[in-house]
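The values are calculated or read from the model by the stated rules, or taken from the named source; none is laboratory data. Since we're looking at a predicted model, the values are computed, not measured. Every residue, glycine among them, receives a Cβ derived from its backbone with ideal geometry; neighbour counts consider all protein chains shown.
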Amino acid sequence: MAADYPTEKIRNVVLLGHSHDGKTTLSEAMLFAAGSIPRLGSPDQQTATMDFEPEEQRRKISINLGVAFAEHAGFKINILDAPGFFDFAGQALSGLRAAEGAVVIVGPSGQLAVGTEI
């Protein structure tokens, strides 16, 4: 049975950035650290929780806005994993509308790519 949370104990956070900068990997780490998933998944191994559609697994990229939740310190944290390719910008914008906060992921090059600029 799922726990009931009052509105003030729910947070919606969207992960944004360009494709292949690590948004889905970060979401996997967050879910695993919170105990929401039993093992760490990987987009490259087609085992990521957020990338469950066959097309996403085949391409090894997010196409749809992925949604999962973790519980931490009495809060329910809804994690929204936005696709990074500009072709799917509508999904990222939908995530922004639903979230109170955003984490912008920038790849190791430090360059802001098209998917990050949204």
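Numerical summary
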item: Checking residue 40 against (1) within 16 Å of residue 104 (Cα to Cα); (2) touching a helix residue (DSSP H, G or I) at 6+ places or on another chain (Cβ under 8 Å); (3) modelled with pLDDT of 90 or more; (4) not charged (D, E, K, R), the condition it does not meet; result: (1)
item: Of the criteria (1) in contact with an Asp or Glu (Cβ under 7 Å, 6 or more places away or on another chain); (2) without any contact (Cβ under 8 Å) to a residue 24 or more places away in the chain, which one residue 63 fails; result: (2)
item: Conditions (1) closer than 17 Å to residue 6 by Cα; (2) exposed (fewer than 14 other Cβ atoms within 10 Å of the Cβ); number of the one not met by residue 54; result: (1)
item: All helices (runs of 4 or more DSSP H) inside the range 4-118 with 3 or more residues being under 14 Å from the mean Cα position of the chain (by Cα) and not polar (S, T, N, Q); result: 23-33, 89-98
item: Residue 105, sole failed condition from (1) touching a residue at least 60 places away in the same chain (Cβ under 8 Å); (2) more than 20 Å from residue 12 (Cβ to Cβ); result: (2)
item: Matching residues, the range 70-95, being more than 15 Å from residue 23 (Cα to Cα) and either polar (S, T, N, Q) or crowded, with 19+ Cβ neighbours inside 10 Å (or both); result: 70, 77, 94
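Residue-by-condition table, conditions (1) at negative phi; (2) touching a strand residue (DSSP E or B) at 6+ places or on another chain (Cβ under 6 Å):
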{"position": "9", "(1), (2)": "yes, yes"}
{"position": "12", "(1), (2)": "yes, yes"}
{"position": "17", "(1), (2)": "no, yes"}
{"position": "46", "(1), (2)": "no, no"}
{"position": "59", "(1), (2)": "yes, no"}
{"position": "64", "(1), (2)": "yes, no"}
{"position": "83", "(1), (2)": "yes, no"}
{"position": "86", "(1), (2)": "yes, no"}
{"position": "99", "(1), (2)": "yes, yes"}
